[in-house]
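Since the structure comes first, as structure tokens, the remarks are kept for the end.
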Amino acid sequence: MNSYISRRPIQLAHKILRYYGITNPGQIDLNAICLDKGVLVIEAPLKGALARLVRNGKDRALVRVSDRIREVGQRRFAIAHEFGHFILHKKKNQLSLCHRSELLFWYQEFPLEEQEANAFAVALLMPDFLFEIRGCCESPTMATIERLSTEFKTSLTATTLRYLDFTRHDCAAIFSVDGRIKWFRTSENFPLRLLDMQTLVDADSFAGRLFAGHPYPGVPQQVPVGMWAEDHEFSQSFTIQEDAIYLKTYQTVISLISIQPSSPLYQFLTKRAVSTAW
Ligand SMILES: [Zn+2]
């Protein structure tokens, strides 16, 4: 999500959570909150969209969510996004159709209102005052992401991105589609330069093996840094941790790569940072 949007969507989402006295993720009963605020949510067949907001006067609306969305996390995100339009964009269209890409692929450039609705949805479903304490110190593995995703009832994609907002580890999430790097996001101050978009995923990387149909080995793997980063000074000399998950529905692999604090790479980078600082 782009950083230049205002904090208003986040402030309004937090205000709603405070109003209901929410103190843990299990209390975020989205349909009940929507209903109490005048928005009835129904699941129904929808053509050409994943969700739709239909206003009925100033203070009431209907959100139709496509019955094709099978995953709870994605359904909740779609509802929260439409609810965001209801709260934030009162003077906008009476009828708003939101498409799959607008709801699920944050890396693309969207109109400001779509970005604001996404920011509202993230803040409502994974507010910083609940997420940071649960995510910031947890190890950068897909097991962590899955646990947080279960606790917050959010999709793996959304949870991974939120984890990067708060983690204290040096890590990055790389999204590869059909065997090529599509997009990535890093934690703050991640020290490596990652490979360019559209680079073919290395066949021996964790992601490459998942694309080739190999089963998930159950634990993160150590892979050469050069599989994911461009720094030739050391990319063949050190390893980096990669964990990954294959989202079959989207032919997408999410790789979570991280620099372990005890690793030779971490020590090398620390020494290099000290020497260049002087
Ligand atoms: Zn929208």
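The values are calculated or read from the model by the stated rules, or taken from the named source; none is laboratory data. As the structure is a computational prediction, the values presented were derived from the model and not from experiment. Note: ideal-geometry Cβ built from the backbone for every residue, glycine included; neighbour counts use all protein chains shown.
Here His14 clears all of (1) under 17 Å from Ala119 (Cα atoms); (2) touching a Ser or Thr at 6+ places or on another chain (Cβ under 9 Å); (3) modelled with pLDDT of 90 or more except the condition numbered (2). Residue count for region 82-109 under the criterion of being modelled with pLDDT of 60 or more, within 11 Å of the ligand (Cβ to nearest atom) and either crowded, with 19+ Cβ neighbours inside 10 Å or part of a strand (DSSP E or B) (or both): the result is 8.
Screening region 196-242 for residues that are in contact with a Gly (Cβ under 9 Å, 6 or more places away or on another chain) and not in a loop (DSSP other than H, G, I, E, B) and picking the one that is surrounded by the fewest Cβ atoms within 10 Å (Cβ to Cβ) gives Leu200.
If I filter region 21-37 down to residues being part of a loop (DSSP other than H, G, I, E, B) and surrounded by 14 or more Cβ atoms within 10 Å (Cβ to Cβ), which single residue comes out as nearest to the ligand (Cβ to nearest atom)? Talk me through it step by step, then tell me what you get.
Residues of region 21-37 part of a loop (DSSP other than H, G, I, E, B): 21-24, 28-29, 37.
Narrowing further to those that are surrounded by 14 or more Cβ atoms within 10 Å (Cβ to Cβ): 22, 28, 37.
Values: Ile22: 24, Ile28: 20, Lys37: 17 Å.
Among those that are part of a loop (DSSP other than H, G, I, E, B) and surrounded by 14 or more Cβ atoms within 10 Å (Cβ to Cβ), it is Lys37.
Can you name the residue in region 110-142 that is of a type in the set (A, V, I, L, M, F, W, C) and touching a strand residue (DSSP E or B) at 6+ places or on another chain (Cβ under 8 Å) and, of all such residues, is nearest to the ligand (Cβ to nearest atom)? Full working, then the answer.
Here is the first cut: in region 110-142, the residues of a type in the set (A, V, I, L, M, F, W, C) are 110, 112, 117, 119-126, 129-131, 133, 136-137, 142.
Remaining after also requiring touching a strand residue (DSSP E or B) at 6+ places or on another chain (Cβ under 8 Å): 117, 142.
On the way: Ala117: 5, Met142: 28 Å.
Top of the filtered list is Ala117.
Restricting attention to region 65-83, does a residue exist that is farther than 18 Å from Ser155 by Cα, assigned by TED's automatic domain parsing to the domain that holds Ala119 and not hydrophobic (A, V, I, L, M, F, W, C)? Among the residues of region 65-83, not one is farther than 18 Å from Ser155 by Cα, assigned by TED's automatic domain parsing to the domain that holds Ala119 and not hydrophobic (A, V, I, L, M, F, W, C), which makes the answer no. Residues considered: Phe175, Phe152, Phe131, Phe120. Of these, the only one that is in the same structural domain as Leu265 (by TED's automatic domain parsing) and either of a type outside the set (Ser, Thr, Tyr) or surrounded by 21 or more Cβ atoms within 10 Å (Cβ to Cβ) (or both) is Phe175.
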